[in-house]
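Enquirer: Got a structure for you, questions after.
The values are calculated or read from the model by the stated rules, or taken from the named source; none is laboratory data. Since the model is a prediction, treat every value here as computed from it, not as a measurement. All Cβ positions, even for glycine, are placed from backbone atoms using ideal geometry, and neighbour counts span all protein chains on display. Surface accessibility is based on the protein's heavy atoms, side chains included, excluding ligands, DNA and RNA. Shrake-Rupley method; radii C 1.70, N 1.55, O 1.52, S 1.80 Å.
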Amino acid sequence: MSDTIHQTLSTALCAVLPNSWAIELPPAPVYPAVVFDVDSEPEAQWCMGGGYTQHDVNVVVVARDLDELDALLPLAGGGPLRAALEALPAYQWEEAAGDADYEPDPELYARFLSVRLRTPRY
């Protein structure tokens, strides 16, 4: 049995930062931390009994200061989190990246990265 997309992403991101979580951060997380979510859609009109699924992955890094953010996910490209995602066989391209508001705690800083992955459905 193959890994789910969440398992694949957890493995890749936890290798860089063990405080990586799917969908939402746990109560009282240790920072820096990563949280990601996935929106998936089967590709239309591919082939009978096969095909691919496109995954829009949104990664948010939350940290206590900008230096931690820059070390993990620099705005200018590169960084270990970006490299971990780019190394996945399913990686297609980066959609967007930038600073984000982290509303639960205005004392924290956040940065987002959106990428597209593509996996076989068979």
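Enquirer: Can you report the number of residues in region 74-88 which are under 19 Å from residue 8 (Cβ atoms) and open to solvent by less than 40 Å² (accessible area, probe 1.4 Å)? Before the answer, list the steps.
Expert: Narrowing region 74-88 to residues under 19 Å from residue 8 (Cβ atoms): 80-88.
Pick out the ones that are also open to solvent by less than 40 Å² (accessible area, probe 1.4 Å) and you get 81-82, 84-85, 88.
Of the residues in that region, 5 qualify.
Enquirer: Here's another thing I want to ask about it. Look through region 46-64, keep the residues that are open to solvent by 60 Å² or more (accessible area, probe 1.4 Å) and in contact with a strand residue (DSSP E or B) (Cβ under 9 Å, 6 or more places away or on another chain), and return whichever of them is modelled with the highest pLDDT. It would help to see each step written out before you state the result.
Expert: If we filter region 46-64 for residues that are open to solvent by 60 Å² or more (accessible area, probe 1.4 Å), which is where we start, we get 46-49, 64.
Subset that is in contact with a strand residue (DSSP E or B) (Cβ under 9 Å, 6 or more places away or on another chain): 46, 64.
On the way: 46: 62, 64: 94.
Checking each candidate, the answer is 64.
Enquirer: So which of 122, 109, 91, 102 ends up being touching a Gly at 6+ places or on another chain (Cβ under 7 Å) and either loosely packed, with under 13 Cβ neighbours inside 10 Å or of a type in the set (Phe, Trp, Tyr) (or both)? Show your work before the answer.
Expert: Working: 109 fails: touching a Gly at 6+ places or on another chain (Cβ under 7 Å); 91 fails: touching a Gly at 6+ places or on another chain (Cβ under 7 Å); 102 fails: touching a Gly at 6+ places or on another chain (Cβ under 7 Å).
Result: 122 is the single residue among 122, 109, 91, 102 that is touching a Gly at 6+ places or on another chain (Cβ under 7 Å) and either loosely packed, with under 13 Cβ neighbours inside 10 Å or of a type in the set (Phe, Trp, Tyr) (or both).
Enquirer: Could you check residue 37 against (1) modelled with pLDDT under 95; (2) surrounded by 13 or more Cβ atoms within 10 Å (Cβ to Cβ); (3) within 16 Å of the chain's Cα centre (by Cα) and say which number it fails?
Expert: Here residue 37 meets the rest and fails (1).
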